[in-house]
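Note sheet for the following structure.
The values are calculated or read from the model by the stated rules, or taken from the named source; none is laboratory data. Note that the structure is a prediction, hence the values are computed from the model and not measured. We place every Cβ from the backbone using ideal geometry, glycine too, and count neighbours over all the protein chains shown.
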Amino acid sequence: MERGIFYVASHPASPEREAEFNTWYEKVHMPEVCALPGFVSARRYAPLKAGDPYVALYEIEGADLDAVVNGMFEFAAGGGFTLSDSVRANPAPEMRTLRFSASHGE
């Protein structure tokens with residue numbers, strides 16, 4: 001079984017909608033993603049500088065990490081997620097899948 005993270009960097013649609021963006025992301029989106037097979041947990045990080053992205057790190061596990069992430073994209077394509085227009089769509093959020101390599105400390 002492989003372990004890794006699914007990395008997502010995203011922005012609110014506008015500064016005025018930042019609170020709405022954060023509420024949706026943390027109360028709706030993260031729980032929906034973590035309910036999917038292979039998604040173990042999620043952590044979210046806020047930017048220190050205005051204009052930098054928020055970053056969500058989803059811990060994932062499975063025999064094939066690409067299959068775990070593809071399952072999420074299939075779920076999304078089928079209308080499975082509760083979407084919000086408080087997320088900036090252009091440019092789209094940056095997403096990457098990374099395989100666990102090493103650790104040090106906790």
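Would you call S14 out of contact with any strand residue (DSSP E or B) (no Cβ under 7 Å at 6 or more places or on another chain), crowded, with 16+ Cβ neighbours inside 10 Å and among the hydroxyl-bearing types (S, T, Y)? Break it down into steps so the answer makes sense when it comes.
Working: out of contact with any strand residue (DSSP E or B) (no Cβ under 7 Å at 6 or more places or on another chain): yes; crowded, with 16+ Cβ neighbours inside 10 Å: no; among the hydroxyl-bearing types (S, T, Y): yes.
So S14 does not fit the description; no.
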Among the helices (runs of 4 or more DSSP H) contained in segment 1-83, which hold 3 or more residues that are within 15 Å of the chain's Cα centre (by Cα), over 19 Å from R96 (Cβ atoms) and in contact (Cβ under 8 Å) with a residue 24 or more places away in the chain?
18-24
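Do we find a residue being in contact with a Leu (Cβ under 8 Å, 6 or more places away or on another chain) and at pLDDT 95 or above anywhere in segment 72-85?
Step one: of segment 72-85, the residues in contact with a Leu (Cβ under 8 Å, 6 or more places away or on another chain) are 72, 75.
So of that shortlist, the ones also at pLDDT 95 or above come out as 72, 75.
Scanning segment 72-85, I find at least one residue that is in contact with a Leu (Cβ under 8 Å, 6 or more places away or on another chain) and at pLDDT 95 or above, so the answer is yes.
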With the requirement that a residue be assigned to a strand (DSSP E or B), farther than 21 Å from E26 by Cα and not aliphatic (A, V, I, L, M), what does segment 84-105 give you?
R99
Per the filter on segment 33-60, residues of a type in the set (D, E) and surrounded by 16 or more Cβ atoms within 10 Å (Cβ to Cβ) are E59
Mind counting the residues in segment 29-55 that are of a type in the set (A, V, I, L, M) and either touching a Pro at 6+ places or on another chain (Cβ under 9 Å) or over 20 Å from F73 (Cβ atoms) (or both)?
5
Which numbered condition F75 misses (of (1) crowded, with 16+ Cβ neighbours inside 10 Å; (2) closer than 18 Å to A9 by Cβ):
(2)
Just to be sure, is R88 touching a residue at least 40 places away in the same chain (Cβ under 8 Å) and closer than 22 Å to M1 by Cα?
no
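For segment 14-45, give me each residue that is of a type in the set (G, A, S), touching a helix residue (DSSP H, G or I) at 6+ places or on another chain (Cβ under 8 Å) and on the phi < 0 side of the Ramachandran plot. Working first, answer last.
Our first condition is that a residue be of a type in the set (G, A, S); within segment 14-45, this holds for 14, 19, 35, 38, 41-42.
Next, only the ones that are touching a helix residue (DSSP H, G or I) at 6+ places or on another chain (Cβ under 8 Å) stay: 38, 41-42.
Correct list: S41, A42.
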